[in-house]
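Notes to accompany the following structure.
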Amino acid sequence: MSIYPWLAPALAQFTNRRAALPHALLLSAQAGLGLESLAEFALASILCTQPLAQAACGQCRSCQMRINQTHPDFYRISPEAGKVSIGIDAIRAVSESLSKTPQAGGYQLAVVEPAHAMTVAAANALLKTLEEPTSQTVILLVSENPGKLLPTILSRCQRIHVHRPEANAAAAWLTSAVSGSNEREQRAALALAGGSPLLAKQLIDAGETQALSNLQAQLRTIESAASTNLLSIGKAWQQNAPDFVRLYVFDLLQTMRQLAQSGAGPILNGLKLQHQKANLINELIGTGVRIDLAIVDLLQLHQALFRTSDR
Ligand SMILES: [Zn+2]
């Protein structure tokens, strides 16, 4: 199990609470921070009857049963295959089981992952269980979107939140995790990934940052030169139109942030319209409309905006 360096503070918070576990514990983080490895560490520790420095020993009978997936007091609640939400029946069934005496002599544990996938009815059913805690029972909620949880659920949970690493720490981890990428590429990937190192790594692995720097080079040329072959750019991107839109919008938002700081009002309004137009291209895909021409149209307006501005 890999525990990433930025998980350390959350891990320390968990080990501090391990001796006196709350009835309900919420583990949260934004996407791409490896929350699932923190959850696996925590659930293994909770089920272990002889934890070493609060980590699962891996040896005791309870650990063995967890590893063999035969632990009688451990329940995982996730959306069924092909579904995105957790329904009330799944929660009711587990609540019923949790009301019985544990069989293995340790904690009874239910992990709800992702917790924000619960329907309102399911969340309300879980609330009943949270309001009538039985000793030796722990409910572990795991969510990368905790803002979608009912306030009544949140108020019943103790919470451990994984914070994004500082930019320098994230870049240092990326350097060690991705061989052959340069600093500029890493910075672009981190920005594109909203500061999440794991997501940034995926973007670099997928060649996304290369595509971004290609597009940015094209855009800077378009902005500075009156004559650019827009149609050839449109044709080059038409097969990867969703990539084009995502990367174009990313570049646009970066430009808008810079312009907002320097107070360039009129061009900002134009760029907001470009943002909407770019997203419309996604809706045109598969409709028979020529995507290359839609991209050319967008780029023409882009060029006009920057030529009429005094940027
Ligand atoms: Zn153990």
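Here are some notes:
- Matching residues, the stretch 166-203, being more than 17 Å from Glu144 (Cβ to Cβ), in contact with a helix residue (DSSP H, G or I) (Cβ under 9 Å, 6 or more places away or on another chain) and among the polar types (S, T, N, Q): Thr175, Ser181, Gln186
- Helices (runs of 4 or more DSSP H) wholly inside the stretch 1-97 that include at least 3 residues being over 26 Å from Leu130 (Cβ atoms): 61-67
- Restricting attention to the stretch 52-87, the residues that are under 24 Å from Ala122 (Cα atoms), among the hydroxyl-bearing types (Ser, Thr, Tyr) and within 16 Å of the ligand (Cβ to nearest atom) total 0.
- Failed item, numbered, when Leu47 is tested on (1) within 10 Å of the ligand (Cβ to nearest atom); (2) free of Cβ contacts under 8 Å to residues at least 60 places away in the same chain; (3) touching a Phe, Trp or Tyr at 6+ places or on another chain (Cβ under 9 Å): (2)
- Candidate set from the stretch 233-283 (those that are under 15 Å from Leu212 (Cβ atoms) and more than 28 Å from the chain's Cα centre (by Cα)); member that is surrounded by the fewest Cβ atoms within 10 Å (Cβ to Cβ): Ala236
- Given (1) at pLDDT 95 or above; (2) open to solvent by 30 Å² or more (accessible area, probe 1.4 Å); (3) within 16 Å of the ligand (Cβ to nearest atom), index of the condition Ala90 fails: (3)
- The residue pairs whose first member lies in the stretch 57-82 and is farther than 12 Å from Ala44 by Cα and among the β-branched types (Val, Ile, Thr), whose second member is within 10 Å of the ligand (Cβ to nearest atom) and outside any strand (DSSP E or B), and whose beta carbons are closer than 9 Å, counting only pairs six or more residues apart or on different chains, are Thr70/Gln64.
- Subset of the stretch 42-55 [at pLDDT 95 or above and not hydroxyl-bearing (Ser, Thr, Tyr)]: Ala42, Leu43, Ala44, Ile46, Leu47, Cys48
- Test: residue in the stretch 219-232 that is over 26 Å from Asp297 (Cβ atoms), in contact with a helix residue (DSSP H, G or I) (Cβ under 7 Å, 6 or more places away or on another chain), β-branched (Val, Ile, Thr) and open to solvent by less than 60 Å² (accessible area, probe 1.4 Å): no
- Checking each residue in the stretch 39-87 for being open to solvent by less than 30 Å² (accessible area, probe 1.4 Å), closer than 15 Å to Val142 by Cα and touching an Asp or Glu at 6+ places or on another chain (Cβ under 8 Å) picks out Ala39, Ile77.
The values are calculated or read from the model by the stated rules, or taken from the named source; none is laboratory data. All values derive from a computational prediction rather than experimental measurement. All Cβ positions, even for glycine, are placed from backbone atoms using ideal geometry, and neighbour counts span all protein chains on display. Side chains included, ligands, DNA and RNA excluded: accessible areas come from the protein's heavy atoms. Shrake-Rupley method; radii C 1.70, N 1.55, O 1.52, S 1.80 Å.
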